[in-house]
1. Kindly check whether there is at least one residue in the range I:1-11 that is at pLDDT below 95 and out of contact with any Ser or Thr (no Cβ under 8 Å at 6 or more places or on another chain).
2. Within the set of pairs 6+ apart or on separate chains, which have a first residue in the range J:19-34 that is within 17 Å of I:R86 (Cα to Cα), a second that is β-branched (V, I, T) and open to solvent by less than 30 Å² (accessible area, probe 1.4 Å), and C-beta atoms under 7 Å apart?
3. Given (1) more than 9 Å from chain J (Cβ to nearest Cβ); (2) in contact with a strand residue (DSSP E or B) (Cβ under 6 Å, 6 or more places away or on another chain), identify the lone condition not met by I:V47.
4. Scan the range C:2-14 and tell me whether some residue there is assigned to a loop (DSSP other than H, G, I, E, B), at the interface with another protein chain (Cβ under 9 Å from one of its Cβ atoms), open to solvent by 30 Å² or more (accessible area, probe 1.4 Å) and in contact (Cβ under 8 Å) with a residue 40 or more places away in the chain.
5. If C:F3 passes every condition in (1) touching a strand residue (DSSP E or B) at 6+ places or on another chain (Cβ under 9 Å); (2) under 14 Å from D:H87 (Cβ atoms) but one, which one does it miss?
6. Among the residues of the range C:59-82, is any touching a helix residue (DSSP H, G or I) at 6+ places or on another chain (Cβ under 9 Å), without any contact (Cβ under 8 Å) to a residue 60 or more places away in the chain, at the interface with chain D (Cβ under 10 Å from one of its Cβ atoms) and within 24 Å of D:M85 (Cα to Cα)?
7. Those residues that are without any contact (Cβ under 8 Å) to a residue 12 or more places away in the chain and touching a Ser or Thr at 6+ places or on another chain (Cβ under 9 Å), I need them from the range A:35-44; list them, please.
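The values are calculated or read from the model by the stated rules, or taken from the named source; none is laboratory data. Only a predicted model underlies this, so the values are computations on that prediction, with no experimental measurement involved. Cβ atoms come from the backbone with ideal geometry, glycine included; neighbour counts cover every protein chain shown. All accessible areas refer to the heavy atoms of the entire protein, side chains included, with ligands and DNA or RNA removed. Shrake-Rupley method; radii C 1.70, N 1.55, O 1.52, S 1.80 Å.
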Number of protein chains: 10
Amino acid sequence: MQFMLNIDVKLPHELSDEERDGLRTRENKRAIELIRSGHLIHIWRCVGTTANFSVWEADSFEDLHKILQSLPMFPYMNIAVTPIMRHPVTEAYESA
Amino acid sequence: MQFMLNIDVKLPHELSDEERDGLRTRENKRAIELIRSGHLIHIWRCVGTTANFSVWEADSFEDLHKILQSLPMFPYMNIAVTPIMRHPVTEAYESA
Amino acid sequence: MQFMLNIDVKLPHELSDEERDGLRTRENKRAIELIRSGHLIHIWRCVGTTANFSVWEADSFEDLHKILQSLPMFPYMNIAVTPIMRHPVTEAYESA
Amino acid sequence: MQFMLNIDVKLPHELSDEERDGLRTRENKRAIELIRSGHLIHIWRCVGTTANFSVWEADSFEDLHKILQSLPMFPYMNIAVTPIMRHPVTEAYESA
Amino acid sequence: MQFMLNIDVKLPHELSDEERDGLRTRENKRAIELIRSGHLIHIWRCVGTTANFSVWEADSFEDLHKILQSLPMFPYMNIAVTPIMRHPVTEAYESA
Amino acid sequence: MQFMLNIDVKLPHELSDEERDGLRTRENKRAIELIRSGHLIHIWRCVGTTANFSVWEADSFEDLHKILQSLPMFPYMNIAVTPIMRHPVTEAYESA
Amino acid sequence: MQFMLNIDVKLPHELSDEERDGLRTRENKRAIELIRSGHLIHIWRCVGTTANFSVWEADSFEDLHKILQSLPMFPYMNIAVTPIMRHPVTEAYESA
Amino acid sequence: MQFMLNIDVKLPHELSDEERDGLRTRENKRAIELIRSGHLIHIWRCVGTTANFSVWEADSFEDLHKILQSLPMFPYMNIAVTPIMRHPVTEAYESA
Amino acid sequence: MQFMLNIDVKLPHELSDEERDGLRTRENKRAIELIRSGHLIHIWRCVGTTANFSVWEADSFEDLHKILQSLPMFPYMNIAVTPIMRHPVTEAYESA
Amino acid sequence: MQFMLNIDVKLPHELSDEERDGLRTRENKRAIELIRSGHLIHIWRCVGTTANFSVWEADSFEDLHKILQSLPMFPYMNIAVTPIMRHPVTEAYESA
């Protein structure tokens, strides 16, 4: 099953440049693993901001929660989770 | 270029069942045309609501606007448009 | 898997008393069927309002969506869907 | 009588990892006591976030307030309290 | 136990003057009964608006809900319910 | 004349436990004085939160403002002030 | 004592042009009476909108409420009432 | 031309008492100059809060902006600017 | 002096197609006159919506208000008015 | 293609005066470069605030994002991005 996430990241001003760079490197590395494992299906940067839209696949809610908690930037994320499903238009298109 | 749209449809209570059915049939037909023409890339139903998330491809802003205006339900839609782009994580993944 | 729903019902003023009563009777009947089928697990009235909190069980997002659409008052509902899961405290309690 | 609570926890960034772990351990311990005493009836994690929905039983408002204040993380919680009651659908189901 | 209610009344424009007057007469009559029965403890008009603050006493949530539903203007009310209790300052004052 | 106040207190995390206790002691002392002087008529704790509803009597706006500024926790309060008056229902009740 | 009011007027679309003109004529006439009686001290149009800011003088809250209710457009107004008083800067200016 | 401003001042908790007092003294002094120069026409304290409503006269937008920036507390102000003009009621009153 | 306006137009569902077309024709004609007279400096459609951003020049607030009121769709517009001025960056650019 | 941006800048209180001045100097220098390169088409200060409206030209979303990220104050900006296009009124004006 799939989820649309709208994630906004706000790093606290107190973090040093090194801490930020370290966080970003670890965040990217973890995200790539999740693309490889088939959990992170799509991710788009919202132009001009630090937010993104992303589509996630998970076998269960527990699965999704564990995955998100494994992101190094999770403590600094504001996450809106929307369960999504195929739209009737897609089915109509495929059967046409 | 691509856009994430969050569209919520609110049909006025005054519409008869026939008018609603007619609208839905024409809306579906037009949406299928737009999938075929490569403009409507993804569309997901938000579970339990009348809203959807959808990803659109257009050559220009004028193009996107004309396409949305061509939807029979456009007058009843509340549309939030977010310009989106590839996320750095996708590039890191592809080059890895 | 389970979902917390916060549903607010706003019937349009134009409905006659008969239409309202008919809707309520059919809504109740359908809700009882969904309790019996194990889909509607909990439902509470929010005191002093026309809203409720309810916990739903469904095998899939498609399943939940079909169930909600089958409610006679669905066109008049404003529904907030939150995916929920066991809280770590529950597990700690059970293993204790 | 029962209450639906929507609790969001925001720990300040200044807390050390030790302070966080200590808080979590004490919070879990207290929550388990409250499950045992029959005050905390249900608790669900909102998937992907640090928030929860929970149903509480208390003999009085004073009782509920004292219980919530006894939670070690209370100073960091944003709590929405909704008084809830049996929904007419439940009664219709039971009498059917 | 007691509740602070903030009630805003919005009568639909379609009501005739007679219907409004009838509603107001019946609303006042019912409110006076509820003052007499000890359920409506305080009620204040918010100056310059159609809203009020009011303090209600009820033996149970079911009791409060039934009382509010018995108000002839209930279908036109937007009600915010806040459970309230004695403030520690009151106790300190009384024991002083 | 009377005012309904909804006051939410947010003490900054930086305060030491001693500073908090000191503030609370002085706040309580001042509040008791204001009950005695007939300015603080009612005060209720909003269950499960750090907010309160309170009814104040003052001879003038200047009077009310000075009183509120004299509260030791004033700098940490978010205050919503609503001028209130007798509701027509109360008059109808008294003349009945 | 004085009040700052922010009033937004929304006439329902159903009113005929005659009804609107009649309302406006009566509203203006009543407003002029209230300027003459010293209750309406200042009134400014918010540029480009149907809203206004206005300063009112009244002997009591009951007085202000009665005055506002006497406005023919009162049923179509959304009114925000803020109690105001002399600012310390004015006193400093006058004593300087 | 004139402007209605709604200004809320939030001094950061980190400021020492001396810094606050210094700021207030300089703020008052500058405000008095602006009353004298005919720029600050009216200013009212919103009862029970740190906000004010004020009416400003300026020859141009650049003029108003420079004036506001010259206030010592400008960096701590949240300012809402509404262009205002004579209300038709005032003209009707004067010509009557 | 100049103003940024964000205008959203919501035509009521009750208007017939002819009334809508008539309104649009008259609106366009009036807007062209205002471009010619130098009052409407810029206007942009917000992609995918019925809203626009526009920059207006006017000699006075009264002037701007009269112009906006002369738009045939004015009764159906929600207008946010922001006074704007040259940004320091423009001056730095021109003097460089 | 063009974008309307509404940018609000909030510098953290912790920055020293030197850091602020340095930031402003670099921000201005970068903005002037972007005016010269034809990316920053218009920029207006919102009177009385630290916000601005600005119109940007970019060849692609990636282009716009890179440009915004190159602004020294980007980490302290809250940016709302609205894709904009020629309004039909402009075309009607030009063809008239």
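1. yes
2. J:N28/I:V89; J:A31/I:V89; J:I32/I:V89; J:L34/J:I67
3. With respect to (1) more than 9 Å from chain J (Cβ to nearest Cβ); (2) in contact with a strand residue (DSSP E or B) (Cβ under 6 Å, 6 or more places away or on another chain), I:V47 is out only on (1).
4. Yes, the range C:2-14 contains at least one residue that is assigned to a loop (DSSP other than H, G, I, E, B), at the interface with another protein chain (Cβ under 9 Å from one of its Cβ atoms), open to solvent by 30 Å² or more (accessible area, probe 1.4 Å) and in contact (Cβ under 8 Å) with a residue 40 or more places away in the chain.
5. Unmet for C:F3, out of (1) touching a strand residue (DSSP E or B) at 6+ places or on another chain (Cβ under 9 Å); (2) under 14 Å from D:H87 (Cβ atoms): (2).
6. no
7. Keep residues of the range A:35-44 that are without any contact (Cβ under 8 Å) to a residue 12 or more places away in the chain, which gives A:35-37, A:44.
Within the range A:35-44, A:I35, A:W44 meet the criteria.
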